[in-house]
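Peer 1: One structure, as structure tokens, below. Some questions next.
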2 protein chains.
Amino acid sequence: MATAVMPQQPTPERFFNAMNAHQQTEALKTAVDMEVFTAIAEGNTTAATIAKRCEGAERGVRTLCDFLTIHGFLTKDGTQYGLAPDTAVFLNQRSPAYIGGAMEFMLSPRSREAFFKLTEVVRHGGTVMGEGSTVAENPEWVTFARAMMPVMRMPSQMMAAELRKGGEAHKVLDIAAGHGMYGISVAKENPSAQVYAADWKNVLEVAKANAQAMGVGDRHHLIPGSAFETDFGSDYDLVLIPNFLHHFDVPTCTSFLKKVRAALKPGGRAAILEFMPNDDRVSPPAAAAFSMIMLVNTPSGDAYTFAEIESMAKNAGFARTELSPQEMGFSRLAIAYV
Amino acid sequence: MATAVMPQQPTPERFFNAMNAHQQTEALKTAVDMEVFTAIAEGNTTAATIAKRCEGAERGVRTLCDFLTIHGFLTKDGTQYGLAPDTAVFLNQRSPAYIGGAMEFMLSPRSREAFFKLTEVVRHGGTVMGEGSTVAENPEWVTFARAMMPVMRMPSQMMAAELRKGGEAHKVLDIAAGHGMYGISVAKENPSAQVYAADWKNVLEVAKANAQAMGVGDRHHLIPGSAFETDFGSDYDLVLIPNFLHHFDVPTCTSFLKKVRAALKPGGRAAILEFMPNDDRVSPPAAAAFSMIMLVNTPSGDAYTFAEIESMAKNAGFARTELSPQEMGFSRLAIAYV
């Protein structure tokens, strides 16, 4: 084994890193929960002063901050901690781009429990938590709507700007609206647009409040209930389907897209925003890895490639589907034309 | 927010990666538990054939293998999966260097639970699981001894070779012997050495079996009980203290080193193998991050720097302490001279 010190030799480093990776999740969660990043932004830069501000023990805070430094969230100079640039923007509560709240949804106890059962999930081929996240009136979607709004602001604005290039929209349907940001962003880009937001009743309260706060409340209407069962109405020139299809299998998506197509008027468009891996299913990393989240949390959802989405849309009767060249966050936009 | 697409703009990627990092831990554990790597080594290279061999669902196995490819454990060519070089060496059960069993110790339910309580731990400044891993006759150390032996083989041989340069050892004490590999490696490097292995009685059974299997059983003796309370005897020319001090605070380590020094004969050496971060406490990453594991699992342990170990040894009466230049796995060797 003396050869194990040769630089070309395989090392178990990747194994140890992945085995210990859960520690990063816990450390980040603790730092957000204890407001460590905000404390540092406020000028508490030593373990002792951060500990005081965050009600932690100095030993605990020092070890946590060292760990966060090792993983790039903090800087360290002598005994002084600072925020890395990304951390200052996204994890300081005083920053307008703060997204730390997303952890409440993404690391919900249900989701953590679901991942704990991964072996069972892989044997079963889907979630082992009943209907998983797709259950009716799931209160987790209210958490989602509240927690993920700041994360979705940027991609929703990028999507709205991209769609505006294809013409003004007047009647818009926002499927699984959640926080409502996609419909709201489209409303802001299209001053005459009336937006109909469809989602569970409990979730739509969050969308409505956001629409009002963002000055488009009078053009923002609600269609509560299951997207598969509600009557959407008709004559839409734009239907938004953001981060929705990935929860379901191909036949379900195809039949849903038929319903969407029927609600569109001639010349109308369906805007499908999705984590969209390349055909190899292993790149780009964030979009491809999303498949794992769907395996664990849904009975038969997936991260679909553009080719798969194009095929579903074709089978649903759409004339053609185009992939927008720009990445929007970790997502891509496919536009299906009636 | 349109500026968010500029390449120089901060991105939330690090945040999402760390938030989702726990998924890597679960995926690796599932792959090891289901023998996915071994299955691929045996020639099962598609999701369908791996699923059959591992008793998984094809959808589950495909998503798992894609995820493992994204994280570098597998390769993918079309629909064919292969083992990355490190994976072939360390995670195929047929490989002599297989270390997948280490997960049983490192991801024990107790340790996972301890990490789940990290916020509480940081507030408290140490483990919130009672005495943590340092409790007497903890059966987890038997798991440790069995699971970690393959991981420790290489560093134990490196340590034994390094120590041999300083002269032959005749009477050797192996503190917290565990799997016994450190004492066994020294016994093999020093054909006349009698090795006394100290650890809990239940753990020593593993060390004894390993010593017998490796042909040094007749020179391998047992000292069962607490390292702090047992009589070690005297006239040792070498005392091994591998991965032991990090469980305890500085006063406890110092007083323990006094006991060690008293057991050494004039000219004797104590070999202290430790995860040893640099003085900045944030490099090198693996050694520095070990501090977090000690925070969570012990009342007051830590990853000590060489300067701290040197100071403890000095206060315990050692004449001088030297740092061996070579890294041994993720550890470093400090040699304290009587």
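Peer 1: Per-residue ellipticity at 222 nm for chain B, helices alone: DSSP H runs ≥ 4 residues times -39500 (n - 2.57), over residue total, nearest 500 deg cm²/dmol?
Peer 2: -14000 deg cm²/dmol
Peer 1: Say we join alpha carbon atoms closer than 10 Å with springs in a Gaussian network model of chain A; which of A:Ala263, A:Ala41, A:Ala193 then has the biggest fluctuation?
Peer 2: Per the Cα network of chain A with a 10 Å cutoff, A:Ala41 tops the list.
Peer 1: Of the accessible area of segment B:162-206, with the probe set at 1.4 angstrom, what percent is carbon plus sulfur?
Peer 2: In segment B:162-206, the share of accessible area belonging to carbon and sulfur is 49 percent.
Peer 1: Taking springs between alpha-carbon atoms closer than 10 angstrom, which of A:Pro12, A:Pro325, A:Pro277 fluctuates most in the Gaussian network model of chain A?
Peer 2: Evaluated over chain A, the most mobile residue of the options is A:Pro12.
Peer 1: What is the helix-to-structure angle for B:201-213, meaning the angle in degrees between its Cα long axis and the longest Cα principal axis of chain B, kept from 0 to 90 and rounded to the nearest 10?
Peer 2: Helix B:201-213 sits at roughly 90 degrees to that axis.
Peer 1: Report the label-to-label distance for B:Lys201 and A:Lys165 in nanometres (one decimal), using points 7 Å from each Cα along the Cα→Cβ vector.
Peer 2: Result for the modelled spin labels: 7.7 nm.
Peer 1: Charges only on Cβ, +1 for Lys and Arg, -1 for Asp and Glu: so what's the dipole of the protein assembly as shown about the Cα centre, in debye to the nearest 20?
Peer 2: 260 debye
Peer 1: List, shortest first and in nm to one decimal, how far the label point of B:Ala161 (7 Å from Cα along Cα→Cβ) is from its counterparts in the other copies.
Peer 2: Spacings between copies for this position, smallest first, are 5.8 nm.
Peer 1: In segment B:62-89, whose amide N lies under 20 Å from the spot 7 Å out along Cα-to-Cβ of A:Ser311? List them in ranges.
Peer 2: B:62-67, B:77-81
Peer 1: Through the Karplus equation 6.51 cos²θ - 1.76 cosθ + 1.60, θ set to phi - 60°, convert the phi angles of segment A:62-78 into ³J(HN,Hα) values in whole Hz; use x for Gly and Pro.
Peer 2: So the Karplus estimates, Gly and Pro as x, are 4, 5, 4, 5, 4, 4, 5, 6, 3, 9, x, 7, 10, 10, 9, 9, x Hz.
Peer 1: Scan around B:Ser331 for amide H atoms under 5 Å from its own, H built in the peptide plane at 1.01 Å from N, and keep only partners 5 or more places away or cross-chain.
Peer 2: Long-range HN contacts for B:Ser331: none found.
Peer 1: Moving on to the next point. Of the residues A:Thr38, A:Thr321, A:Thr25, which exhibits the maximal mean-square fluctuation in a Gaussian network model of chain A defined by a 10 Å Cα contact cut-off?
Peer 2: In the Gaussian network model the winner is A:Thr25.
Peer 1: Can you figure out the FRET efficiency of B:Glu131 with B:Asp33, using R₀ = 35 Å and their beta-carbon distance, to the nearest 0.05?
Peer 2: My answer for the efficiency is 0.75.
Peer 1: List the residues of segment A:288-310 for which accessible area in the full set of protein chains is at least 20 Å² lower than for the chain on its own; 1.4 Å probe, protein heavy atoms only.
Peer 2: A:Ala289, A:Ser291, A:Met292, A:Ile293, A:Leu295, A:Asp302
Peer 1: Next up: Given 10 °C and 1.306 mPa s, compute D for segment B:193-282 with the Stokes-Einstein relation, Rh being the Kirkwood radius over Cα pairs; round to the nearest whole µm²/s.
Peer 2: D = 110 µm²/s.
Peer 1: Let me ask something additional. When the accessible area of segment B:66-137 is split by element with a 1.4 Å probe, what percent falls to carbon and sulfur?
Peer 2: Accessible surface attributable to carbon and sulfur in segment B:66-137 totals 56 percent.
Peer 1: Are there trypsin sites (Lys or Arg not before Pro) in segment B:140-182 that DSSP puts in a loop and that have at most 11 other Cβ atoms within 10 Å, and which ones?
Peer 2: B:Lys165
Peer 1: Here's another thing I want to ask about it. Evaluate the Kirkwood expression for the hydrodynamic radius of chain B, namely the inverse of the mean inverse distance over all pairs of different C-alpha atoms, and round to one decimal in Å.
Peer 2: 21.8 Å
Peer 1: In segment A:206-338, what is the volume of the convex hull around the alpha carbon atoms, normalised per residue and reported in Å³?
Peer 2: 128 Å³
Peer 1: While we're looking at this one, here's another question. Which distances, shortest first and in nm, link A:Pro96 to the matching position in the other copies, using label points set 7 Å out along Cα to C-beta?
Peer 2: Label-point distances to the other copies, shortest first: 6.4 nm.
Peer 1: What are the distances, in nm and sorted shortest first, from the label point of A:Gly43 to the label points of the same position in each other copy, with each label point placed 7 Å from Cα along the Cα-to-Cβ direction?
Peer 2: In nanometres, ordered from closest: 7.1.
Peer 1: Just give the residues from segment A:138-163 buried by at least 40 square angstrom of accessible area in the all-chains context relative to the isolated chain, probe 1.4 Å, and say none if nothing qualifies.
Peer 2: Going by heavy-atom accessible area, the residues of segment A:138-163 that drop by at least 40 Å² are A:Met154.
Peer 1: Also: For B:Met276, A:Met154, what's the largest-to-smallest order of accessible area, 1.4 Å probe?
Peer 2: A:Met154, B:Met276
Peer 1: When N counts the residues of segment A:276-316, how does its alpha-carbon radius of gyration compare numerically with 2.2 N^0.38 Å, as a ratio?
Peer 2: Here the answer is 1.18, to two decimals.
Peer 1: Now for a separate question. What do you get for the angle between helix A:140-164 and the principal long axis of chain A? Use alpha-carbon atoms, 0 to 90 degrees, nearest ten.
Peer 2: That works out to roughly 60 degrees.
Peer 1: A follow-up question, please. Along the charge dipole of segment B:98-239, pointing to its positive end and built from +1/-1 on Cβ of Lys, Arg, Asp and Glu, which listed residue (B:Pro155, B:Met181, B:Gly101) has its Cα farthest out?
Peer 2: B:Gly101
Peer 1: Across segment B:1-134, how large is the tail of the calculated P(r) beyond 23 Å, expressed as a percent of all Cα pairs?
Peer 2: 49 percent
Peer 1: Under the 0.36 nm per residue contour assumption, what length would be gained going from the current alpha-carbon distance of B:Ser234 and B:Asp280 to full extension?
Peer 2: 12.8 nm
Peer 1: What dipole magnitude, in Debye to the nearest 20, does segment B:29-160 give about its Cα centre under +1 on Lys/Arg Cβ and -1 on Asp/Glu Cβ?
Peer 2: Dipole size: approximately 140 debye.
Peer 1: Counting each pair of different Cα atoms once, what's the Kirkwood radius of the protein assembly as shown in Å, rounded to one decimal?
Peer 2: Value: 27.5 Å, from the Cα pair sum.
Peer 1: What distance in nm separates the simple spin-label points at B:Met214 and B:Ser226, each placed 7 Å from Cα in the Cβ direction?
Peer 2: 2.9 nm
Peer 1: Would you pull out the residues with amide H under 5 Å of A:Val239's amide H, same chain only if 5 or more places away, H placed 1.01 Å from N?
Peer 2: A:Leu173, A:Arg269, A:Ala270, A:Ala271
Peer 1: Tell me the total accessible area that B and A bury against each other, 1.4 angstrom probe, in square angstrom rounded to 100.
Peer 2: 7400 Å²
Peer 1: Oh, and also: For the protein assembly as shown, report the accessible area per residue in Å² (1.4 Å probe, heavy atoms, rounded to an integer).
Peer 2: That works out to 38 Å² for each residue.
Peer 1: Express in nm, to one decimal, how much length is gained between A:Ala319 and A:Lys265 on full extension, taking 0.36 nm for each residue of separation and deducting their alpha carbon distance.
Peer 2: Stretched out fully, the A:Ala319 to A:Lys265 stretch lengthens by 18.1 nm.
The values are calculated or read from the model by the stated rules, or taken from the named source; none is laboratory data. These figures come from a predicted structure and were not determined experimentally. With ideal geometry, Cβ positions are generated from the backbone for all residues, glycine too; neighbour counts draw on all protein chains shown. Ligands, DNA and RNA are excluded from the accessible area calculation, which covers all protein heavy atoms including side chains. Shrake-Rupley method; radii C 1.70, N 1.55, O 1.52, S 1.80 Å.
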